[in-house]
Structures are given as C-alpha cells and as structure tokens.
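Novice: Structure incoming, see below.
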Amino acid sequence: QVQLVESGGGLVQAGGSLRLSCAASGSSFSINAMGWYRQAPGKQRELVALITSGGNTNYADSVKGRFTISRDNAKNTVYLQMNSLKLEDTAVYYCSAGNPPGSWGQGTHVTVSS
C-alpha cells in the first residue's frame, strides 16, 4: 500500500494560486494512477484531477483551464497547481493512489477568501 502525505494548502485570496504536493512512499508509485480529490463542508468528496502512470490527465469540468496535475516519478510526488482560485474551491484536498483509489492522504485545507 502506498503512503501519501499532502502539503501546500493554506489561505489565499480569490484569483490567487496555490500548489499542492503529495509525497508518496512505496515502490509502486510509478505504476499507479494518482489523483486529487476534494471535499467541501456538507458535500461529498469529488474528483478534481487524475493522472495516469503514462501522464494522461483528466479534470473535473469545474477546474479545467485553472488547475494542472503533474507527477515526478523520480521524486514519488504528484502536484496540483491551482490558479485563478474561486471561493467555491474551498475544501479539504486529498491525494489518492490508484484508480479507483486504494490509498488516501490525510488531506490539506485550502481556503479561498474574497
């Protein structure tokens, strides 16, 4: 099982940017699809972005053109670059390994203020 640790969350004004990182441990990182999910208060967890082991990406419609997922297999790390942040992007963001996810990180809070 892959162990995941997220970082990079915080408070940002609307229109700003943040980059989330997810460090993975375990030899299977490079063969896993990796994803970012988020869960806002009172809502279900939803997929934000997914990247396959081959680098193919998929995004939720709500973040297309604003967020970019990437991975560095040499560093066992997946990133989520978030630009043009909106109030509705406020949530706890979780890193996942596998598709469907088999491992989760502990989550990192992202708060977008007006």
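The values are calculated or read from the model by the stated rules, or taken from the named source; none is laboratory data. Bear in mind that the values here come from a model prediction, so they are computed numbers and not experimental data. When the accessible area is computed, the model is the full protein with side chains, heavy atoms only, and any ligands, DNA or RNA have been set aside. Shrake-Rupley method; radii C 1.70, N 1.55, O 1.52, S 1.80 Å.
Novice: Solvent-accessible area per residue for the chain at a 1.4 Å probe radius, Å²? Provide the component values of the computation, followed by the final result.
Specialist: Working: 5760 Å² over 114 residues.
Solvent-accessible surface per residue comes out at 51 Å².
Novice: Can you compute the radius of gyration and Dmax for the chain, using only the Cα atoms, both in Å?
Specialist: 13.1, 42
Novice: Rounded to a whole number, what % of the accessible area of the chain do carbon and sulfur atoms account for, probe 1.4 Å? Each step should come with its number before you reach the end.
Specialist: Details: 2680 of 5760 Å².
Summing carbon and sulfur atoms, their accessible area is 47 percent of the total for the chain.
Novice: Less than 25 Å apart at the alpha-carbon level, and either on another chain or at least 8 residues along: which lysines does that give for K86?
Specialist: K43, K64
Novice: Same structure, new question: Mind checking the full-extension length gain between D61 and K43? Use 0.36 nm per residue of separation minus the Cα-Cα distance, one decimal, nm.
Specialist: Working: separation 18, 0.36 × 18 = 6.48 nm, distance 1.70 nm.
Additional length available on full extension: 4.8 nm.
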